[in-house]
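Written below as structure tokens is the structure these notes are about.
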Amino acid sequence: DVKVTQSSRYLVKRTGEKVFLECVQDMDHENMFWYRQDPGLGLRLIYFSYDVKMKEKGDIPEGYSVSREKKERFSLILESASTNQTSMYLCASSLWTGGYEQYFGPGTRLTVT
Amino acid sequence: AQSVTQLDSHVSVSEGTPVLLRCNYSSSYSPSLFWYVQHPNKGLQLLLKYTSAATLVKGINGFEAEFKKSETSFHLTKPSAHMSDAAEYFCVVSDQTSGSARQLTFGSGTQLTVLP
């Protein structure tokens with residue numbers, strides 16, 4: 001079974017703090033994705049990566065950056081957390097070829113106060 | 001460009017009765033289509049996928065969906081609802097124009113309530 005893990009289930013940070021969200025997948029997938037999920041807005045893509053050290057902006061990259069130094073690990077960074085970044089963050093991974101379905105981690109619920 | 005419309009934001013059924021969650025899609029090319037389920041405070045779990053093989057797709061937990069190209073629909077059904085089916089369901093499309101890594105486009109979700 002594909003397993004995608006995220007470093008924290010719940011996180012509380014203060015405005016202005018630098019926040020790191022970590023995601024690890026164990027199935028040698030090329031693609032990795034970060035989404036945020038908000039009530040009424042559904043899932044929105046923040047960034048994705050199709051290879052080590054490669055990244056592309058999604059629909060809402062402002063205020064975020066990412067890092068992919070190893071194939072299995074994809075980090076989301078909030079350089080200076082703000083209250084409007086309070087959300088559920090979901091990481092996913094997929095193969096480069098095949099059915100293109102994405103496998104999701106359990107999510108990190110981030111609260112910025 | 002691709003898009004997905006889930007026609008009902010909320011569906012309520014009684015336990016033991018059929019479930020129908022409706023989804024229409026728009027895609028320029030032959031799409032891949034998926035249904036995901038999300039239980040409260042959990043990540044998304046893949047229920048089933050269509051990738052241009054059989055048009056009737058069977059998934060986990062007794063769910064199935066039928067791809068109808070003429071109607072651009074991919075409705076999710078289950079013959080008999082169980083209390084554990086209560087969750088949010090997402091219809092998702094991916095097509096060949098998505099770029100360097102196949103991106104998914106998510107519907108807005110349908111919240112399924114199962115009444116005892």
Could you tell me the relative contact order of chain B? Use alpha-carbon pairs under 8 Å, at least six residues apart, and round to a whole percent.
37
Whole angstrom only: what separates the Cα centroid of the stretch A:1-76 from the Cα centroid of the stretch B:63-96?
27
Taking 24 Å as the cut-off for C-alpha to C-alpha distance, list the pairs among A:LYS55/B:LYS42; A:LYS18/A:LYS57; A:LYS57/B:LYS69; A:LYS18/A:LYS53; A:LYS57/B:LYS58 that go past it.
A:LYS55/B:LYS42; A:LYS57/B:LYS69; A:LYS57/B:LYS58
Most fluctuating of A:LYS55, A:LYS71, A:LYS13 in the GNM of chain A (C-alpha, under 10 Å) is A:LYS13
Only Cα pairs within less than 10 Å get springs; with that Gaussian network setup on chain A, which residue of A:ARG14, A:ARG68, A:ARG36 has the largest fluctuation?
A:ARG14
Treating cross-link reach as a plain straight distance, find the aspartates and glutamates whose alpha-carbon is under 12 Å from the alpha-carbon of B:LYS78, omitting any fewer than eight places away in the same chain.
B:GLU15, B:GLU64, B:GLU66
Find the relative contact order for the stretch A:4-95 and round it to a whole percent, using C-alpha pairs within less than 8 Å whose residues are 6+ positions apart.
37
Through the Karplus equation 6.51 cos²θ - 1.76 cosθ + 1.60, θ set to phi - 60°, convert the phi angles of the stretch B:77-89 into ³J(HN,Hα) values in whole Hz; use x for Gly and Pro.
9, 8, x, 9, 6, 10, 3, 5, 7, 4, 4, 9, 10
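Computed from the coordinates by the stated procedures, all read-outs in this text should not be read as laboratory data. Note that the structure is predicted; figures quoted are calculated from it, not measured.
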